[in-house]
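Structure, as structure tokens:
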Amino acid sequence: MKQIDLLKSPVRKVFLNYLAPSVSATLVTSIYILADTMMIGRGIGAEGIAALNILLPLYTAYYGFGMMCGIGGSVLFGFSRGRGKEQEARRYFTTALYMAALFAILSISLCSLFFTPLLDFLGVTDAMRPYAVPYGKVLVYASPCFVASTFLQAFVRNDGSPRLAMAGVISGGVTNVILDYIYIYRMDWGMGGAALATATGTTLTVLILASHFFSPDNHLIPVRQAEIKKALEILENGLASFILEVSNGFVMLVFNLQLLAYVGDIGVVVYSIISNISLVVISISNGISQAVQPLLSANYGAGEKERVRQGRNLGIRAALGAGCVFTAIGLLFPVPLSYLFLEPTEEILSMAVVAIRLYFLSFIASDFNIMCGTCFQAIVKPKLSLMVTLLRGVVLNSILVFVLPAFLGVNGIWLAVTVSEFATAFVAFWFLRREK
């Protein structure tokens with residue numbers, strides 16, 4: 001498969017060549033959860049959806065570890081290759097690989113050892129527990145596959161093979177959907193079957209991505225040992241990606257706890273509709289930003305600042321356009337979106353229509369913020385990337401989800417993300433102007 005020259009091909013051509021594979025790969029990743037939600041909602045019911053939504057922070061944590069090592073290491077890998085330092089690039093890959101393996105071992109060990117306290121911490125109620133336990137156990141034991149999947153996607157894409165990354169994720173996603181139907185509807189395996197389908201699809205993705213190591217165009221060649229200094233660089237540069245992914249789970253956690261306090265289980269059911277649609281939107285936004293990241297990293301390393309500027313502007317325009325489209329869909333079609341996952345009661349539907357409209361306003365700003373964070377990360381400005389990600393994902397949401405409901409009731413919970421994203425967008429824009 002012919003590789004794209006990140007340093008010489010026209011900027012627009014490079015971006016467009018990476019765009020479809022990157023968006024497809026990240027979008028299909030969200031389908032792992034989306035398929036589970038739709039199948040569980042139709043085959044098991046609202047209690048199953050609520051249990052799944054409670055466990056999503058755990059899922060995002062596993063992906064976050066993979067992204068931290070994968071994005072953090074692959075950015076430095078691409079930067080070094082852009083400077084013509086192949087051996088240094090290989091050392092970054094080796095160090096990141098060891099780090100991902102360590103996180104995978106820690107994930108499966110600690111989560112299996114403290115499984116019951118973990119469920120209690122996430123907010124699993126007695127009504128949800130029969131559904132959360134079988135799904136959560138499979139999720140924990142498959143955690144190394146989730147870490148490996150996002151890790152390999154980042155490195156394979158930065159090594160000039162975005163289409164292989166796309167093929168791997170799409171194959172796994174399709175497998176997941178098919179097995180969801182078989183395990184839930186035909187074999188009646190319930191929540192455990194839904195989780196097993198996800199784990200099987202992810203394992204297939206990892207195997208396909210690993211085939212890149214046997215390609216003649218492979219530059220992901222391990223060296224003898226990892227380096228502590230490079231591990232710290234990878235952590236610094238990848239921390240924003242980790243927080244970007246984990247913050248989605250953190251937001252779900254605090255939202256679930258607040259909704260349980262204000263309106264009970266029905267609020268969690270409504271939020272599960274929003275959070276699953278949001279996963280798709282954020283996945284597409286991540287795909288757009290990741291399409292531009294290899295271009296920026298390689299050309300920044302090569303000193304091609306005009307190509308960096310062109311790539312950044314293309315990415316920002318694409319992100320803003322996508323954000324406007326997503327917001328319009330939420331404002332115009334809240335009822336059809338509510339019916340995607342279950343047959344809502346009148347009470348669920350009346351709450352969902354208002355919630356979707358308020359929440360979807362955030363996508364105009366969130367896509368811009370994600371792109372800005374990736375751009376700073378791609379040109380090795382990890383502190384700016386981290387500040388943008390922390391602000392939108394942790395700091396403001398943690399404050400507003402508790403402050404706004406005191407004045408606006410449950411609608412304040414739905415507005416918290418929107419206010420947080422727009423406030424962060426002003427800060428991100430100021431950073432862009434300062435770094436111009």
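Which number comes out as Rg/Rh for the range 125-205 once both Rg and the Kirkwood Rh are worked out on C-alpha atoms?
Computed over Cα atoms, the ratio is 1.08.
Using C-alpha pairs under 8 Å with a sequence gap of at least 6, the mean separation divided by the residue count of the chain gives a relative contact order of 24 percent.
In the range 77-186, what is the volume of the convex hull around the alpha carbon atoms, normalised per residue and reported in Å³? Let's see the in-between values first.
Values: hull volume 12.5 nm³, N = 110.
It is 113 Å³ per residue.
In the frame of its principal axes, the range 205-281 has Cα extents of 56, 30, 17 Å, reported largest first. In the range 92-157, one over the average inverse separation of all distinct C-alpha pairs is 13.2 Å, which is the Kirkwood hydrodynamic radius.
Using the per-residue mean of other Cβ atoms lying within 10 Å as a proxy for protection, in what order, highest first, do the peptides 208-220, 74-86 fall? Walk me through the intermediate numbers first.
Details: 208-220: 15.2, 74-86: 22.5.
Ranked by mean Cβ neighbours within 10 Å, highest first: 74-86, 208-220.
The radius of gyration of the Cα set in the range 331-419, together with its Dmax, comes out at 16.0, 50 angstrom.
In nm, to one decimal, how far is the modelled label at Asn411 from the one at Leu349, with both set 7 Å along Cα→Cβ? Result for the modelled spin labels: 2.1 nm.
Accessible area ranking (1.4 Å probe, heavy atoms, ligands and nucleic acids excluded), largest first, for Leu349, Leu119, Leu27: Leu27, Leu349, Leu119.
Counting Lys and Arg as +1 and Asp and Glu as -1 over every other residue whose Cβ lies under 14 Å from the Cβ of Val335, the net charge comes to -1.
Kindly point out which whole DSSP H helices in the chain project their C-alpha atoms 27 angstrom or further along the helix axis while averaging a Kyte-Doolittle hydropathy of -0.5 or above. Before the final figure, lay out the partial values.
On the way: long enough: 11-43 (46 Å, 0.85); 46-82 (51 Å, 0.98); 86-113 (41 Å, 0.75); 162-181 (29 Å, 0.88); 190-210 (31 Å, 1.41); 228-262 (47 Å, 1.03); 265-301 (51 Å, 1.07); 305-332 (41 Å, 0.36); 410-435 (39 Å, 0.90).
Span-like helices here: 11-43, 46-82, 86-113, 162-181, 190-210, 228-262, 265-301, 305-332, 410-435.
Semi-axes of the equivalent ellipsoid of the range 352-393: what are they in whole Å, largest first, if each equals the square root of 5 times a C-alpha gyration tensor eigenvalue? List each step's numbers first, then the result.
Numbers: eigenvalues 147, 17, 5 Å².
Here the semi-axes work out to 27, 9, 5 Å.
Scaled against 2.2 N^0.38 Å for its residue count N, the alpha carbon radius of gyration of the range 184-340 is 1.38. For the range 56-103, the fraction of C-alpha pairs farther apart than 13 angstrom is 55 percent.
Compute log10 of I(q)/I(0) for the range 249-374 with the Debye formula, placing one identical point scatterer on every Cα and leaving out solvent, at q = 0.09, 0.11 Å⁻¹, to two decimals. Values, matching the q order: -0.33, -0.47. At an R0 of 22 angstrom, the distance between the Cβ atoms of Phe402 and Arg357 translates into a FRET efficiency of 0.50. Charge tally around Gly201: other residues with Cβ under 12 Å, Lys/Arg +1 each, Asp/Glu -1 each, net -2.
Say the cut-off is 20 Å between C-alpha atoms; which of Lys230/Lys305; Lys8/Lys230; Lys85/Lys383; Lys85/Lys229; Lys13/Lys383 go over it?
As for pairs spanning more than 20 Å Cα to Cα, those are Lys230/Lys305; Lys8/Lys230; Lys85/Lys383; Lys13/Lys383.
Over every Cα atom in the range 10-109, the radius of gyration and the widest Cα-Cα span, Dmax, amount to 18.3, 55 Å.
Eigen-decomposition of the gyration tensor built on the alpha-carbon atoms of the range 112-255 gives equivalent ellipsoid semi-axes of 31, 22, 13 angstrom, largest listed first. Within the listed set Val354, Val380, Val11, the Gaussian network model of the chain (springs between alpha-carbon atoms below 10 Å) gives the highest mean-square fluctuation for Val354.
Placing one identical point scatterer on every Cα of the chain and ignoring solvent, what is log10 I(q)/I(0) from the Debye formula at q = 0.08, 0.09, 0.10 Å⁻¹? Debye output, listed in q order: -0.41, -0.52, -0.65.
Using the Cβ-Cβ distance between Asn17 and Asp126 with R0 = 41 Å, the FRET efficiency computed as 1/(1 + (r/R0)^6) comes to roughly 0.20. Here the Gaussian network model covers the chain, with springs between Cα atoms less than 10 Å apart; of Asn313, Asn397, Asn237, Asn313 fluctuates the most.
If you run the Gaussian network model on the chain, springs between alpha carbon atoms under 10 Å, then out of Thr95, Thr345, Thr203 the most flexible one is Thr345. Expressed per residue, the C-alpha convex hull volume of the range 239-309 stands at 85 Å³. When a 1.4 Å probe is rolled over the protein heavy atoms, the share of accessible surface on the range 278-436 that falls to carbon and sulfur comes to 70 percent.
The values are calculated or read from the model by the stated rules, or taken from the named source; none is laboratory data. Since we're looking at a predicted model, the values are computed, not measured. Every residue, glycine among them, receives a Cβ derived from its backbone with ideal geometry; neighbour counts consider all protein chains shown. To get the accessible areas, we keep the full protein, side chains included, count just its heavy atoms, and leave off ligands, DNA and RNA. Shrake-Rupley method; radii C 1.70, N 1.55, O 1.52, S 1.80 Å.
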